[in-house]
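One structure below.
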Amino acid sequence: MKPVKVGICGLGTVGGGTYNVLTTNAQNIARRAGREIIVAQIGARRPNPNCDTTGVEVTADIFDVARNPDIDIVVELIGGYDVARELVLLAIENGKHVVTANKALIAEHGEEIFAAAERQGVSVMYEAGVAGGIPIIKALREGLAANRINWLAGIINGTGNFILTEMRDKGRDFADVLKEAQELGYAEADPTFDVEGIDAAHKLTILASIAYGIPLQFSRCYTEGISKITRDDVEYAEELGYRIKHLGVSCQTEKGIDLRVHPTLIPEDRPIAKVDGVLNAVMVNGNAVGDTLYVGAGAGAGPTASAVVADIVDLARTLEADAANRVNHLAYNVIEDDKVLSIEEVETAYYLRIQAQDKTGVLASVATILSERGINIEAIIQKEPSETEELAQIIILTHRVMEKTMNGALEAISELDSTVGDITRIRVEHLA
Ligand code: HSE
């Protein structure tokens, strides 16, 4: 069979990794795909010192790759929104299939891109966009196709998990660990995307769409970062038998679908609570299969290239199949009458850390406010003021309650004369 010709745009960490995997594993890949896969052109402004591209045409203009009539598959690995969107749409217009690792592009412009691809009868693949080397898109879109997905929850940002792990295990400084993640090629070009949960929200948006067959709705994803988590919160959570992870959570409930990224307390005996470092993990609960868990490296050259190349192999296998018989871009014929819940409508349990003056009756007042709103307390710890701190710390774990109700309670607690400063609120998920 005729070889498949691939054009790679972007030769950074992921582009370089993809080139190296395609060339190093060429024989094995050809056996799997049933035909040779050749890198026929690279679009990159700078060489990658880790790649020997001798004999491959390299152009500084990535749009040349999208226009090249010899190229069957354009691999978009430049990242970002505008230029990437233009490149992908041009490639589609020229009848090329596209593979991308760009979750921001898919989460925010996926609808437009998929519509263009469907008009042209080509496919856009994006396995590498979510959870790096873990084949979670394939698992959800194909492996779990028999199920109604009830919920999914994942550690889907390697940089954030790496930072939380190093801070907890080694007491390292936030900025120092972030710098290392950038040097290792894990972090986004703008690392606030990692730390503030935007990258995870892009990924969760994609996962929810293919889990439930709903349109991509990044703007409706509630997003909260990890920058306010203190060493004390980590310790108190452990004292209560929990770990803090930055989680993307989405549940399909009778009221609607929730879509949220925030720091989360997870019981320490849940396997996902032990997923550390740059590893990602996604739990999916389906009504036939029950709980499933997928773990692997969520970032870095090799793992991300593994997912990019798997998409290229999939495309090579189906290149001759007609468009109507390929897997849908979002797994389903997407429904429009979905209901993504606002964060106020979401129900979770909570960890609260309240700072208060060490006076008689403070704890009773806090408990009264919670009980008046029907908020059930599961556990409570009070830490007396230390020699260096004047304030007592009250740590409370609650049962599940609607966010709107909790907001009202926190407002009332903040207004008490004896409480001081902001109340820390971390959502708790038992994932069972
Ligand atoms: N910045 C991302 C992460 C890269 O740390 O997970 C992979 O998407």
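The values are calculated or read from the model by the stated rules, or taken from the named source; none is laboratory data. Remember, predicted model here, so these are calculated numbers, not experimental data. Here the Cβ is made from the backbone with ideal geometry for all residues, glycine too, and neighbour counts use every protein chain on show. Surface areas here come from the heavy atoms of the whole protein model, side chains and all, with no ligands, DNA or RNA. Shrake-Rupley method; radii C 1.70, N 1.55, O 1.52, S 1.80 Å.
Enter the accessible area per residue of the chain (Å², integer; probe 1.4 Å; all protein chains in place).
Counting only protein heavy atoms, the per-residue value for the chain is 43 Å².
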How do LEU259, LEU363 stack up against each other in accessible area, from largest to smallest, with a 1.4 angstrom probe? LEU363, LEU259
Run the helix sum for the chain: -39,500 (n - 2.57) per DSSP H stretch of 4+ residues, divided by residue count, reported at 222 nm to the nearest 500 deg cm²/dmol. -10500 deg cm²/dmol
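Quick check on segment 146-249: take the gyration tensor over C-alpha atoms, sort the square-rooted eigenvalues as a ≥ b ≥ c, and tell me if it's rounded (a/c under 1.5), prolate or oblate. Mind showing how you got there, number by number?
Values: a/c = 2.44, a/b = 1.49, b/c = 1.64.
Oblate, because a/c is 1.5 or more while a/b does not exceed b/c.
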Any idea how far the Cα center of segment 272-333 sits from the one of segment 49-74, in Å? 26
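I'd like to compare 321-331, 266-276, 43-53: which one has the highest average count of other Cβ atoms within 10 Å, and what's the full order after that?
Taking the mean over residues of other Cβ atoms within 10 Å, the ranking is 266-276, 43-53, 321-331.
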What does the charge dipole of segment 346-428 about its Cα centre add up to, to the nearest 20 debye, if the Cβ of each Lys and Arg holds +1 and the Cβ of each Asp and Glu holds -1? 380
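Let's see if you can work this out: charge +1 on each Lys and Arg Cβ, -1 on each Asp and Glu Cβ, no other charges. What is the dipole magnitude of the chain about its Cα centre, in debye to the nearest 20?
It works out to roughly 1360 debye.
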Once phi is turned into ³J(HN,Hα) by the Karplus curve 6.51 cos²θ - 1.76 cosθ + 1.60 with θ = phi - 60°, what whole-Hz value does each residue of segment 67-80 show in order, with x for glycine and proline? 9, 5, x, 7, 7, 8, 10, 9, 10, 8, 10, 8, x, x
Nearest-5 percent of antiparallel DSSP beta bridges in the chain? 70
Row for segment 93-141, column shape: gyration tensor on C-alpha, a ≥ b ≥ c, rounded if a/c < 1.5 i.e. under 1.5, prolate if a/b over b/c, else oblate; value prolate
Among 23-31, 294-302, how do they line up from the highest to the lowest mean number of other beta-carbon atoms within 10 Å? 294-302, 23-31
Can you classify the chain as rounded, prolate or oblate using the Cα gyration tensor, where a ≥ b ≥ c are the square roots of its eigenvalues, rounded means a/c under 1.5, and otherwise it's prolate if a/b beats b/c and oblate if not? prolate
From the cross-link list LYS5/LYS103; LYS203/LYS228; LYS2/LYS138; LYS138/LYS274; LYS2/LYS103, which pairs have alpha carbons spaced over 28 Å apart? LYS2/LYS103
Could you please state how large a percent of the accessible area of segment 346-428 is carbon and sulfur, counting protein chains only and using a 1.4 Å probe? 44
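Hey, got the dipole for segment 160-258? About the Cα centre, +1 on K and R Cβ, -1 on D and E Cβ, debye to the nearest 20?
Here the size comes out at about 340 debye.
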Accessible surface of segment 136-297 [probe 1.4 Å, protein heavy atoms]: carbon and sulfur percent: 51
